[in-house]
Amino acid sequence: MQHAFFDRIHMRIIDVLRRDRTYAESMDYAIRSRNTHMRSLLYVYDGKGTMVLDGVSYPLFAGCVFHFPLNRELLINCSREHPICYFTVRHDYKFIEWEGTSIRWTEPGDHVLPFDYVVPMPDKESMLADLQRLHNVWHNKQTGYEWESKLAFLNLLQRISEQQQHLEENNVAAQSILQSMDYIRNHYHEPLERETLAKKASLSTSYFSVLFKKQTGYSPVQYITKIRLDKAKMLLRQKHLSISDVAREVGFQDPLYFAKVFSHEIGVPPREYRNM
């Protein structure tokens with residue numbers, strides 16, 4: 001699962017709709033948009049068809065999830081014999097990032113959901129039940145329905161992300177990134193260079209960085225820093241270790257640089273964090 005995506009996302013649901021055979025017939029079995037104006041995630045519970053996104057075709061079938069971002073040319077079509085039936089969750093989101101105690105938001109990129117445009121989901125009955133519950137919560141409008149709907153949708157995104165990761169486990173390049181992550185977690189206290197990590201993964205440095213970011217949501221340097229600071233927070237609770245000792249234990253040779261990075265990322269200096 002791409003933790004960086006879920007750590008930063010601030011979600012808003014716009015609408016939850018169910019489209020059946022009658023709707024497909026009313027649209028003459030084709031939905032066209034020259035410029036998509038809403039982000040949408042859809043789950044196909046019956047029928048089959050095709051999504052054409054900016055000229056690229058993707059097969060759609062019962063049991064798959066698919067999505068499309070903003071400002072794209074879209075065509076979804078199906079046949080009269082097998083009309084496509086689906087739930088759609090129209091949504092928008094921003095990324096919220098903390099810089100110490102300050103916060104800033106950023107617009108999502110073109111394709112930032114942590115999975116492919118089309119993902120086959122293994123448990124059709126469970127998926128259908130979850131989408132039906134989400135649809136009911138949204139349309140019943142009981143107290144707290146927006147938060148309950150948002151939570152259900154985030155859980156759905158996590159489930160899809162985990163399925164994407166499962167599908168990638170047999171991919172050699174993706175597997176090499178998982179091994180690199182394990183190596184970083186086990187050797188965070190040692191010097192870690194991007195070039196060395198790429199060589200261990202048998203990838204070029206540039207491709208390693210691109211693949212690492214795609215799979216984890218972090219650059220290699222960001223992930224190394226995150227692991228080191230998480231360990232530093234644990235060690236700072238051990239009062240017998242000096243700040244310099246903690247810095248060296250987690251791979252920082254310069255205690256002043258460690259304090260600078262820690263303060264920037266966590267929002268308080270190491271000594272103050274220790275005393276909190």
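On the given criteria, is PRO114 in contact with a helix residue (DSSP H, G or I) (Cβ under 8 Å, 6 or more places away or on another chain), more than 17 Å from ARG39 (Cα to Cα) and not in a helix (DSSP H, G or I)? No, not satisfied.
Would you mind stating whether GLN163 is in contact with a strand residue (DSSP E or B) (Cβ under 9 Å, 6 or more places away or on another chain) and open to solvent by less than 90 Å² (accessible area, probe 1.4 Å)? Yes: the conditions hold for GLN163. Looking only at region 71-92, residues that are within 17 Å of GLU25 (Cα to Cα) and not in a strand (DSSP E or B) come to 6 in all. Only residues that are touching a residue at least 12 places away in the same chain (Cβ under 8 Å) and within 20 Å of the chain's Cα centre (by Cα) were counted across region 179-191, and they come to 3. Residues in region 225-263 that are aliphatic (A, V, I, L, M), closer than 18 Å to GLY100 by Cα and touching a residue at least 24 places away in the same chain (Cβ under 8 Å): ILE227, LEU229, ALA232, LEU236, VAL261.
Of the residues ARG18, ARG8, which is under 21 Å from the mean Cα position of the chain (by Cα) and open to solvent by 20 Å² or more (accessible area, probe 1.4 Å)?
Testing whether each residue is under 21 Å from the mean Cα position of the chain (by Cα) and open to solvent by 20 Å² or more (accessible area, probe 1.4 Å) leaves just ARG8.
The residues in region 93-111 that are part of a loop (DSSP other than H, G, I, E, B) and open to solvent by 20 Å² or more (accessible area, probe 1.4 Å) can be counted, and the count is 5. For ALA152, the criteria (1) touching a residue at least 40 places away in the same chain (Cβ under 8 Å); (2) buried (at least 16 other Cβ atoms within 10 Å of the Cβ) hold in every case but one, which is (1).
Among the residues of region 177-224, those identified as at pLDDT 90 or above, part of a helix (DSSP H, G or I), surrounded by 20 or more Cβ atoms within 10 Å (Cβ to Cβ) and of a type outside the set (A, V, I, L, M, F, W, C) are SER180, PRO220, TYR223.
As a summary of the residue check, LEU75 satisfies the conditions (1) on the phi > 0 side of the Ramachandran plot; (2) out of contact with any helix residue (DSSP H, G or I) (no Cβ under 7 Å at 6 or more places or on another chain); (3) open to solvent by less than 50 Å² (accessible area, probe 1.4 Å) except for the one numbered (1).
For region 79-92, the set of residues classified as over 23 Å from the mean Cα position of the chain (by Cα) and either open to solvent by less than 30 Å² (accessible area, probe 1.4 Å) or within 17 Å of ARG12 (Cα to Cα) (or both) consists of PRO83, ILE84, CYS85, listed by residue number.
The values are calculated or read from the model by the stated rules, or taken from the named source; none is laboratory data. Being a predicted model, the structure only gives us computed values, none of them experimental. Counting neighbours? That spans all protein chains shown, and the Cβs are built from the backbone with ideal geometry, glycine included. Heads up: the accessible areas ignore ligands, DNA and RNA and are worked out on the full protein's heavy atoms, side chains in. Shrake-Rupley method; radii C 1.70, N 1.55, O 1.52, S 1.80 Å.
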